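First up is the structure itself, then whatever we jot down about it.
The values are calculated or read from the model by the stated rules, or taken from the named source; none is laboratory data. Not measured: the values here are computed from a predicted model. Virtual Cβ from ideal backbone geometry, glycine too; neighbours counted across all protein chains shown.
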Amino acid sequence: MLKRKNTKEYSYYQAFIEVSALAVSAAKMVTGILTAYDLETLEDRLKELHEIEHAADQKKHKMMSYLYSDFLPPLEREDIIDLAGELDTTIDTIEDALIHIDIYQIKEITPEMIKFMQLVEKSALSLDEAINDLKNFKKSKVIKEAIIAINRLEKQGDALYTDSVKKLFVEQRDALTTMATTNIYDRLERATDSFEAAADVIERIVLKNS
């Protein structure tokens, strides 16, 4: 017979805050890596980033474990599951971008890659503001402003992706470089999308419970 966990002392809101902080750390780390890029140390830096991703996974699994036996969670189960998943995905997409920079053994980071990561980092910080005020979602002005900011940043990411890929073909670089760089742009753009997806879940929670 399964033993029920004591969920009274467990805070889903605090767990969300902790995972969001890891997303901010991941974004800042990758921005730093690309700004002071060194291919020789990239593999070691990837291991550091993976530790952050692994820590987020562990927190998500712990949350799901508590949710399994929690009779009265503070939010609907579906919303907790969705937000936990989207928060985890933000870190996964950031890691995925750096993994592919390593796979392709990119020798030089383009200005566009750094611009993408700056958008990702700003998105992570805005989402973190929303997550930290999530417990007060019924009367929070911070959440609304953060969601607007994330949506704006995602649109900037879309525009940056279009301009960046177009520039590659205008410059007529060799096919392999164009393919690799386009793939990285695609994964960085997905990272901005992932923060909007998390913000969408928060917005749904607010609207559903207003």
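Condition check for Tyr12 on (1) surrounded by 18 or more Cβ atoms within 10 Å (Cβ to Cβ); (2) over 19 Å from Ile131 (Cβ atoms); (3) not polar (S, T, N, Q): one failure, at (2).
With Ser210, Ser194 as the choices, which residue is touching a helix residue (DSSP H, G or I) at 6+ places or on another chain (Cβ under 9 Å) and either part of a helix (DSSP H, G or I) or within 23 Å of Pro73 (Cβ to Cβ) (or both)?
Just a single option satisfies the conditions, and that option is Ser194.
For segment 96-127, taking the residues that are part of a helix (DSSP H, G or I) and among the β-branched types (Val, Ile, Thr), the one that is surrounded by the fewest Cβ atoms within 10 Å (Cβ to Cβ) is identified as Ile103.
Residues of segment 141-157 being farther than 19 Å from Glu86 by Cα and either part of a helix (DSSP H, G or I) or among the hydrophobic types (A, V, I, L, M, F, W, C) (or both), which ones?
Of everything in segment 141-157, those that are farther than 19 Å from Glu86 by Cα and either part of a helix (DSSP H, G or I) or among the hydrophobic types (A, V, I, L, M, F, W, C) (or both) turn out to be Val142, Glu145, Gln156.
For segment 143-186, name all the residues that are surrounded by 14 or more Cβ atoms within 10 Å (Cβ to Cβ), of a type in the set (A, V, I, L, M, F, W, C), more than 19 Å from Val120 (Cβ to Cβ) and free of Cβ contacts under 8 Å to residues at least 24 places away in the same chain. Within segment 143-186, just Leu168 meets the criteria. Every test in (1) in a helix (DSSP H, G or I); (2) farther than 16 Å from Thr93 by Cα is passed by Lys138 save one, and that test is (1). Looking across Glu95, Glu53, one residue alone is touching a His at 6+ places or on another chain (Cβ under 7 Å) and in contact (Cβ under 8 Å) with a residue 12 or more places away in the chain. It is Glu95.
I'd like to know if segment 143-152 contains one or more residues that are of a type in the set (Lys, Arg), out of contact with any helix residue (DSSP H, G or I) (no Cβ under 6 Å at 6 or more places or on another chain) and more than 14 Å from Glu196 (Cα to Cα). Break it down stepwise before answering.
Here is the first cut: in segment 143-152, the residues of a type in the set (Lys, Arg) are 144, 152.
If we keep only those that are out of contact with any helix residue (DSSP H, G or I) (no Cβ under 6 Å at 6 or more places or on another chain) as well, we get 144, 152.
Right, trim to more than 14 Å from Glu196 (Cα to Cα) and you get none.
Taking every residue of segment 143-152 in turn, none turns out to be of a type in the set (Lys, Arg), out of contact with any helix residue (DSSP H, G or I) (no Cβ under 6 Å at 6 or more places or on another chain) and more than 14 Å from Glu196 (Cα to Cα).
Scanning segment 166-180 for residues that are within 16 Å of Ile106 (Cα to Cα) and either touching a helix residue (DSSP H, G or I) at 6+ places or on another chain (Cβ under 6 Å) or of a type in the set (A, V, I, L, M) (or both) yields Leu168, Ala175, Leu176, Thr178, Met179, Ala180. Screening Glu196 with (1) charged (D, E, K, R); (2) in contact (Cβ under 8 Å) with a residue 40 or more places away in the chain; (3) more than 23 Å from Gly85 (Cβ to Cβ) gives one miss only, at (3). Evaluation of Thr192 against the conditions (1) in contact with a Gly (Cβ under 8 Å, 6 or more places away or on another chain); (2) surrounded by fewer than 21 Cβ atoms within 10 Å (Cβ to Cβ) shows that the sole unmet condition is (2). Among the residues examined, Ile150 qualifies as under 13 Å from the mean Cα position of the chain (by Cα) and either farther than 16 Å from Val30 by Cβ or modelled with pLDDT under 95 (or both). Evaluate segment 68-84: report whether one residue or more is modelled with pLDDT of 95 or more, in a helix (DSSP H, G or I) and in contact with a Ser or Thr (Cβ under 9 Å, 6 or more places away or on another chain). Checking segment 68-84: not a single residue is modelled with pLDDT of 95 or more, in a helix (DSSP H, G or I) and in contact with a Ser or Thr (Cβ under 9 Å, 6 or more places away or on another chain).
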